[in-house]
Amino acid sequence: MAVHVLLFDAGSDQEGIHSLELNGSTVVLLFEERDDAERYAGLLEAQDFPTPTVEALDREEMELFCSQAGYEARFVPAGFLPKTAEERLLIAPPERNMDTSHWQEVASTSTVDPELEAFRRQLEGLL
């Protein structure tokens, strides 16, 4: 089953995935519907966030990627209605975001786990 994720600089060496910090965990959103992912991307752009690309990827592979990277994958089903303030963040980004002006520099100076890099290349091959 395909899910839709938000990527920044998709296909480049500086590629990054959109994530949220919730209760001390890094959460990656896996949208069932492309329209929901595109709406979320539009809300980020309206907040002067870098414009993400919506990419369809295999759900199992994304969940494996998140697990190996220490992230929590959160599936956002079609028609999802939040019941809590935390769940609201699954359909609309927070009003305040982390500083993103230097995320590419941080990504390029971070130590890259060779296994994680190999898995990233495998995911890219699916596109």
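No value in this document is a laboratory result; all are computed from the given coordinates. Quick caveat: nothing in here was measured; it's all calculated off a predicted structure. Note that we place each Cβ from the backbone using ideal geometry, even for glycine, and neighbour counts take in every protein chain shown.
Near S25, within a Cβ-to-Cβ distance under 13 Å, what is the net charge of the other residues, with Lys and Arg +1 and Asp and Glu -1? In short, -2. Between E33 and T51, the modelled labels are 2.3 nm apart [label points 7 Å from Cα along Cα→Cβ]. Once both labels are positioned 7 Å from their Cα atoms along Cα-to-Cβ, the gap between N23 and L43 label points is 1.9 nm.
Overall, the ratio between the Cα radius of gyration of region 1-80 and 2.2 N^0.38 Å, rounded to two decimals, is 1.03.
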